[in-house]
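What follows is a set of notes on a single structure, which appears directly below.
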Amino acid sequence: MDRITINPSVMVGKPVIKGTRISVQLIVELLANGVTEEEILTDYYPDLVKEDIKAALLYAAECLSYGDVLIV
């Protein structure tokens, strides 16, 4: 989890990849909408590496394991 950071001054405190303004939410949404890892890495090169995508997914999974689930 050392790749994810939260800072109220960056992206209004959303969890982001350390050293970037790329949010965990953005990465998860892109993957959910069918964008491949390779496409994401190409679009956000050189700021993003494969380990960042894995860290974002792990962070999202951890959040779900501790938080409330929104039923829609």
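The values are calculated or read from the model by the stated rules, or taken from the named source; none is laboratory data. Here the structure is a predicted model, which means the values were calculated and not measured. All Cβ positions, glycine included, derive from the backbone under ideal geometry; neighbour counts span all protein chains shown. Each accessible area value is taken on the protein alone, full model and side chains, heavy atoms only, with ligands, DNA and RNA left out. Shrake-Rupley method; radii C 1.70, N 1.55, O 1.52, S 1.80 Å.
With a cut-off of 8 Å between alpha carbons and a minimum separation of six or more residues, what is the relative contact order of the chain in percent?
RCO, the chain: 27 percent.
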Practice task
Over the chain, average the accessible area per residue using a 1.4 Å probe and give it in Å², no decimals.
Solution key: 72
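Using the Kirkwood radius over C-alpha pairs as Rh, can you work out the diffusion coefficient of segment 25-66 via Stokes-Einstein at 25 °C, viscosity 0.890 mPa s, in µm² per second?
Details: Rh = 10.6 Å.
The calculation lands on 232 µm²/s.
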Fill in the blank from the handout: Scalar couplings 3J(HN,Hα) for segment 43-49 by Karplus 6.51 cos²θ - 1.76 cosθ + 1.60 (θ = phi - 60°), nearest whole Hz, x for Gly and Pro, are 5, 10, 5, x, 6, 10, 10
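Counting helices only, and only those DSSP H runs with n ≥ 4, report the 222 nm mean residue ellipticity of the chain as the sum of -39,500 (n - 2.57) divided by its residues, in deg cm²/dmol to the nearest 500.
-14000 deg cm²/dmol
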Fill in the blank from the handout: If amide H atoms are modeled at 1.01 Å from N in the peptide plane, then the residues at a separation of 5 or more from I4, or on another chain, having amide H under 5 Å from its own are K18
Handout entry: Cα-only Debye scattering, the chain: base-10 log of I(q)/I(0) at q = 0.14, 0.19 Å⁻¹
Key = -0.43, -0.77
Practice task
Apply the Karplus parameterisation 6.51 cos²θ - 1.76 cosθ + 1.60, with θ equal to phi minus 60°, to every residue of segment 27-34 and state each ³J(HN,Hα) to the nearest whole Hz, in sequence, with x for glycine and proline.
Solution key: 4, 5, 5, 4, 4, 5, 8, x
Completion exercise
With the charge dipole of the chain built from beta-carbon charges (+1 for Lys and Arg, -1 for Asp and Glu) about the Cα centre, the Cα from V28, I53, I6 projecting farthest to the positive end belongs to I6
Problem - Spin-label model distance (nm) - K14 vs M1, 7 Å beyond Cα toward Cβ - result: 2.0
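Using unit Cβ charges (K, R positive; D, E negative) and no other charged atoms, how large, in debye to the nearest 20, is the dipole of the chain about its Cα centre? If you can, show how the numbers build up before the last one.
On the way: 6 positive and 11 negative charges, 50 e Å.
Dipole size: approximately 240 debye.
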Fill in the blank from the handout: Between the modelled labels at R21 and L41 (7 Å from Cα along Cα→Cβ) the distance in nm is 2.5
Handout entry: Of all accessible heavy-atom area on the chain, the percent that carbon and sulfur account for (1.4 Å)
Key = 57
